[in-house]
Amino acid sequence: MERFIIKNPSNKASLLRTSTLLFALVSLLNFSSFASSGEDKKFNAGEMIMHHISDAHEIHIIGDFAIYLPIILKTESGWEVFSSSHFYHNEIHDDSGNHYYEYSDYILFHEHVYLKGNGFTLDEKGEIVNEAVTLDMSITKNIAGIFLTCFLMLFVFFKVASGYKKRGMQAPKGIQSFMEPLILFVRDEIARPSIGKHADRFVPFLLTVFFFIWISNLLGLIPFLGGLNITGTLSVTMVLATIVFIITTINGNKHYWGHLFWPPNVPLPIKVILVPIEIAGIFIKPLVLMVRLTANITAGHIIILAFVCLIFIFGEQSAGAGYGVGIGSTLFMIFMNFIELLVAFLQAYVFTLLAALYFGGATEEAHH
């Protein structure tokens, strides 16, 4: 019976439809819970979108259920650790319409922790003047997502390595059979064509960055994980791009640096123009890696959230309009989530390919 169910196309189609509808329902419940939390005021689409793509000290699951992450602070009096639930269960609204969270001697404003001092104070520009804590090592939503991504990577790679130790050169089975084509794809279709004979020494890093970005992107598409936006965060992509920059710089050979600072067979007046551009290119390349990945991933989240917002915007006008727009928005949201599955892979591929091209340019031998 079990074998029949797996092979029956109608059952597989039914399972896919059920999974898709469940995915859409959970997504809408997550978004509607945010909208209903402010029933006494007009729905703010921009606030809702920024709330979901920004980092936070909690992982919102569904409704009022959330995973509260640890707050770890270093102050003059020492280290202090407590749950972020102490903040989120004590929300305060002032007379100017600002809201913040308060616990003990600390204030949480726009997901940054400050010392309470004489109370919550803003300057004429609306910026908080409270003193920041000495060191904030708190676990945020995206940091928890990074830990989860690293755990999944370690689990999968150790599982695959164990399979090779047990089976040797036999045909792969299970997760090993799924991972082997991807590993060979990165090595044979990205690293070796882009880098050349020195490719194999860069393959471990390229595999790591490829799977890190891909898994992070996939986790961001799961609605009940609080809307993780790991690679849509500049600080994360900046670290990845910086590592690529360091590896490229360290491995640059004489031929690479010679072409940068003194291009051969180029007239001197052209060199005066070309050399500054080449030097600027050293820093522009990792900057492009950082911004391109962040922008593409964040844009995908914003598009999906914008169509979800249409449901609540039209719903405020009338229930009929809300339901009418809701059908189209839900269908488009499902469609966009499937597109995002492709984008999740493409962004990992493009980042890894560009990194490999940079490594190849730095290690390329002189042509005689």
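The values are calculated or read from the model by the stated rules, or taken from the named source; none is laboratory data. Since this is a predicted model, take the numbers as computed values, not measurements. Please note: Cβ atoms are built from the backbone with ideal geometry, for glycine as well, and neighbour counts cover all protein chains shown.
Report the residue count in the stretch 250-272 for those that are surrounded by 14 or more Cβ atoms within 10 Å (Cβ to Cβ) and in a helix (DSSP H, G or I).
Residues flagged as surrounded by 14 or more Cβ atoms within 10 Å (Cβ to Cβ) and in a helix (DSSP H, G or I) within the stretch 250-272 amount to 6.
Given the structure, is Val288 in a helix (DSSP H, G or I) and either closer than 30 Å to Ile183 by Cα or not aliphatic (A, V, I, L, M) (or both)?
Spelling it out, Val288 is indeed in a helix (DSSP H, G or I) and either closer than 30 Å to Ile183 by Cα or not aliphatic (A, V, I, L, M) (or both).
Search the stretch 153-181 for residues that are assigned to a helix (DSSP H, G or I) and pair each with any residue that is among the hydroxyl-bearing types (Ser, Thr, Tyr) when their beta-carbon atoms are under 8 Å apart and the residues are at least 6 apart or on different chains.
Met153/Thr208; Gln176/Tyr164
Which residue pairs have Cβ atoms under 7 Å apart, sit 6 or more places apart or on different chains, and have a first residue in the stretch 113-129 that is of a type in the set (Gly, Ala, Ser) and a second that is part of a loop (DSSP other than H, G, I, E, B)?
Between residues of the stretch 113-129 that are of a type in the set (Gly, Ala, Ser) and residues that are part of a loop (DSSP other than H, G, I, E, B), the close pairs are Gly117/Asn130; Gly117/Glu131.
Considering only strands (runs of 3 or more DSSP E) fully contained in the stretch 78-123, which possess at least 1 residues that are surrounded by 16 or more Cβ atoms within 10 Å (Cβ to Cβ) and charged (D, E, K, R)?
99-103
I need the full set of residues from the stretch 124-138 which are crowded, with 17+ Cβ neighbours inside 10 Å and either at pLDDT 90 or above or part of a strand (DSSP E or B) (or both), in order please.
Once the filter is applied, which keeps residues that are crowded, with 17+ Cβ neighbours inside 10 Å and either at pLDDT 90 or above or part of a strand (DSSP E or B) (or both), the stretch 124-138 yields Ile128, Ser138.
Out of the stretch 61-77, which residues are outside any loop (DSSP other than H, G, I, E, B) and touching a strand residue (DSSP E or B) at 6+ places or on another chain (Cβ under 8 Å)?
Passing the criteria: Ile61, Ala66, Ile67, Tyr68, Pro70, Ile71, Ile72, Leu73, Lys74, Thr75.
If a residue has to be farther than 16 Å from Val236 by Cα and without any contact (Cβ under 8 Å) to a residue 24 or more places away in the chain to count, how many in the stretch 274-298 make the cut?
Qualifying residue count, the stretch 274-298: 9.
Report every pair of residues separated by at least 6 positions or lying on different chains whose Cβ atoms are under 8 Å apart, first residue within the stretch 331-347 and without any contact (Cβ under 8 Å) to a residue 60 or more places away in the chain, second assigned to a helix (DSSP H, G or I) and surrounded by 13 or more Cβ atoms within 10 Å (Cβ to Cβ).
Phe332/Phe307; Met336/Gly300; Met336/Ile303; Met336/Ile304; Met336/Phe307; Ile339/Gly300
Return yes or no: is His89 modelled with pLDDT under 90 and either in the same structural domain as Ala306 (by TED's automatic domain parsing) or closer than 30 Å to Pro223 by Cβ (or both)?
Considered against the rule, which asks whether it is modelled with pLDDT under 90 and either in the same structural domain as Ala306 (by TED's automatic domain parsing) or closer than 30 Å to Pro223 by Cβ (or both), His89 comes out as no.
Which residue is surrounded by the most Cβ atoms within 10 Å (Cβ to Cβ), if the candidates are limited to the stretch 47-70 and must be in contact (Cβ under 8 Å) with a residue 40 or more places away in the chain and in contact with an Asp or Glu (Cβ under 8 Å, 6 or more places away or on another chain)?
For the stretch 47-70, the residue satisfying everything is His57.
Working carefully through the options Leu206, Leu184, find the one that is surrounded by fewer than 17 Cβ atoms within 10 Å (Cβ to Cβ) and either of a type in the set (Asp, Glu) or in a helix (DSSP H, G or I) (or both).
Leu184
How about the stretch 209-249: which of its residues are free of Cβ contacts under 8 Å to residues at least 40 places away in the same chain and either touching a Lys or Arg at 6+ places or on another chain (Cβ under 9 Å) or part of a helix (DSSP H, G or I) (or both)?
Ser235, Val239, Ile243, Ile246, listed by residue number.
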